[in-house]
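The values are calculated or read from the model by the stated rules, or taken from the named source; none is laboratory data. Remember, predicted model here, so these are calculated numbers, not experimental data. Note that we place each Cβ from the backbone using ideal geometry, even for glycine, and neighbour counts take in every protein chain shown. What goes into the accessible areas is simple: the full protein's heavy atoms, side chains included, and nothing from ligands, DNA or RNA. Shrake-Rupley method; radii C 1.70, N 1.55, O 1.52, S 1.80 Å.
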Amino acid sequence: MPKAPKGKRKTGRDGTVTVAGKVGNGEGSVYFEGDRWRATWYGPDGKLRKASGPTRDAAKARRDKRIAADGTPCSSVFTATTTVGELADWWLRNVAKHRVRPSSFGRYVDRVKRVRATLGDVPAVSLRSEQVSEWQVA
């Protein structure tokens, strides 16, 4: 016989509601392992890093201290000046290549060439839906 489902929402004595199994947005992974709490994040080099402590707050504090020492928690290859063409090329190499069959990938390469020819020089942050609509019609 399967276990009865447990509710994730818990109401405290003061009336506050917490959701078990849900961490705060942007908090990263904080979990209990063995006899210590662990907090993880990705360093500027893209590698997974860990900090530990006897309590959840201590592990998070150590993680935050190390993030501050390293600089940014995760470096991005994108900036405000990244163009649609650069973004499309990155997506092609890092996402599409590993998710689709070679025959589909070939079609994706052709479509990215088409995107680069017309929208390639537009900064991605300033791309508007009207530009995409005009591109599709052309």
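Values for this structure:
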quantity	calculated
The chain: Rg to Rh, with Rh as the Kirkwood radius over Cα pairs	1.15
Share of carbon and sulfur in the accessible heavy-atom surface of the chain [1.4 Å probe, %]	54
Counting all C-alpha pairs of the stretch 64-138, share separated by more than 18 Å (%)	53
Estimated FRET transfer efficiency when R0 is 30 angstrom, pair Asp14-Asp35 (beta carbons, to 0.05)	0.50
Per-residue SASA entry for Thr11, accessible area with 1.4 Å probe, Å² rounded to 10	100
Whole-number percent relative contact order across the chain, with pairs defined as alpha carbons under 8 Å at least 6 apart	15
Sites Trp135 and Arg101, calculated FRET efficiency, Cβ-Cβ separation with R0 22 Å, nearest 0.05	0.25
Förster-model FRET efficiency, 41 Å R0, Lys50 and Leu127, C-beta, rounded to 0.05	0.65
Accessible surface, per residue, of the chain when the full set of protein chains is kept, probe 1.4 Å, Å²	77
Axial C-alpha extent at least 27 Å, average Kyte-Doolittle at least 1.0 - helices from the chain (DSSP)	none
